[in-house]
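Heads up, the thing below is written out as structure tokens.
The values are calculated or read from the model by the stated rules, or taken from the named source; none is laboratory data. Remember, predicted model here, so these are calculated numbers, not experimental data. For neighbour counting, all protein chains shown are included, and Cβ atoms are generated from backbone atoms with ideal geometry for every residue, glycine included.
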Amino acid sequence: MTRAKAVSDPQLATGDFSPPPAFQDRLLASLNEEDYLRRTTYGSIQEEAPCCVAGAHFMTSGSHEYARRSLTSSMDSAVHVDISDLVGEGDAPCVPLSLRKCQRTVIAPYSCLLSFIGWRPWFYESSRTRSRFRSCFNCLYPAIVIALIMCHYVFQVLNCQGKFNIHRDVEPSPPSPTPEEVTMHGNCTWGVMTFGCHARYVKSAISIVYRPQTELGYCHHIVPTYIVPSFVHFLAYAYGFYHFRMVECEQLFSLMERVFLQSHSTRGLQNALIRNSRLFFIAALLWLLCQFVLEILYNFTFPQTRLEFLGMTYKYVFMVIKFVAMGLVQGVNMAVAINYCVQCETLILYIKGICLRLHEKSMELKSAMHEILGVREYISLLNGNVAKMMGLCIVNFTELTILGTALLFLNRIKECTVLSYRVMFPSLWIIALLVPLIQAARLTRVGSKLRQISFEMRVFGYQNSSMLELDSFVLFVSGATLRSKIFGVTIRSSTVILTLGLSVFILFTLMVVDILTVTGYERFF
């Protein structure tokens, strides 16, 4: 229709497919910055040769209004349009394609995980229209999630989850004693008659068992092993619920979009970001799957007999509730760890891209300062709420790692299922503990490279910058503290090693000698 209109109008008649230069100058002058960027994304205005068949739409006109209508019609047409970026590198199509790929492979599964644990409403992005059923469901679902998480906390105490008693749960059960047959001789009286008799009976073996029966059904050390970790975990969940659902402060999406848009000129950086983010998410899914396998192994190793009186149907119902609640609890840990690790990895690649362009001297100092300022803002956000949630989870990870390691070393039960459970339990929690700390230490180390590069630029010079500009850049980089912190403590590799070593040594020693036990309250402390 546009072509027919152009031919029928005598003022728009032209015999060439390429627009005249005067029209291009008027068109570029009439566009604002936003329209110009959009134009460079959907179609380039080339001066030498016609860009495509869409050049037939660019006819001569004396009004700016027709220029805008012609531009809109060319973008809305179904013809092929050549795409190029501002600098003419031809990489602009890769930015939206790579960003959509990242959203499909990383952001979408992560959003489903947040919705599963109740931190984000279901169908948040797919529908824009309000539905009463959807609103009611999104209001009831978090309450169901919280109720299931509370059930998991209660089940842990009732089932002595993990078997953390280092005096009873690591020793093999004694062999069942054989009943003893006893024969007694004596006098028997029947009425007024007394006569000799003998009797034979089997002596009960209950009193021969080496431990009292009153202790078999109770857990010990309830407060440090169950109540305190459950409280810390629920505090992390409540913090995440407020952060993601109430405030809706999710900076992972905006961070990835900014890194993708700013790193299109760095070859391979976008693919590395997608690949590493997918690896973190796949590793987290495998870790969650191993937690389910560990729970199944626990039920086979330490069978629960307290629900036998309810019947098999109710027993299986409780087992299903237990597994779903466990999945929600571990899903919270998984969501916090993924959010923190992926943000650290994104910032690491972002800083590496800045360092690479500074080494190549392909970035101006003003642009570099803008990029570093943006990185500093995102690191400040990372060190805020996300780091607090990660720190609360790390407290639980540390305790479970130490308990699992102590029980593994003190274990005397040689059954295959018990050994497998004792080995698998601390291994999973060690991984969950070390990966976020390693990511935080890597971010601190990469952030320190910018300061080293600024010193090198001051010594060897940078493009045509003066010494005063280089001195200002050095002061700016030194003032921008690009360090990852958890609970206000800067995370470095040396700090991680020293902290882990001291905590493992001290707490492991306390658990072995049982110094933490309070006399008279052994069942609770």
Open item on the list: Looking at region 266-283, I want the residues that are within 11 Å of Thr346 (Cβ to Cβ) and have a partner that is modelled with pLDDT under 90 and among the charged types (D, E, K, R) with Cβ atoms under 7 Å, at least 6 apart or on another chain. Which pairs are those?
Closed with: Ile274/Lys101
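Here's the yes/no breakdown for (1) in a helix (DSSP H, G or I); (2) under 25 Å from the mean Cα position of the chain (by Cα):
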| position | (1), (2) |
| --- | --- |
| Asn333 | yes, yes |
| Val336 | yes, yes |
| Glu345 | yes, yes |
| Cys355 | yes, no |
| Met363 | no, no |
| Ile372 | yes, yes |
Open item on the list: Checking the conditions here, which among Val395, Val336, Val329, Val320 is β-branched (Val, Ile, Thr) and over 30 Å from Thr509 (Cβ atoms)?
Closed with: Val320
- [ ] Look through region 290-315, keep the residues that are among the hydroxyl-bearing types (Ser, Thr, Tyr) and over 31 Å from the mean Cα position of the chain (by Cα), and return whichever of them is modelled with the lowest pLDDT.
- [x] Thr305
Task: In region 91-114, the residues that are in a helix (DSSP H, G or I), over 16 Å from Asn276 (Cβ atoms) and modelled with pLDDT under 75 - done: Cys94, Val95, Pro96, Leu97
TODO: Give region 237-251 a look and list any residue that's under 23 Å from Cys102 (Cα atoms), surrounded by fewer than 20 Cβ atoms within 10 Å (Cβ to Cβ) and either hydrophobic (A, V, I, L, M, F, W, C) or in contact with a strand residue (DSSP E or B) (Cβ under 7 Å, 6 or more places away or on another chain) (or both), or say none.
DONE: Cys249
Task: The listed residue being touching a residue at least 60 places away in the same chain (Cβ under 8 Å), touching a helix residue (DSSP H, G or I) at 6+ places or on another chain (Cβ under 9 Å), more than 28 Å from Lys352 (Cα to Cα) and crowded, with 20+ Cβ neighbours inside 10 Å, out of Leu428, Leu410, Leu443 - done: Leu428
- [ ] Take region 484-494 and flag every residue that is buried (at least 16 other Cβ atoms within 10 Å of the Cβ) and either at pLDDT below 85 or in contact with a Gly (Cβ under 9 Å, 6 or more places away or on another chain) (or both).
- [x] Ser484, Ile486
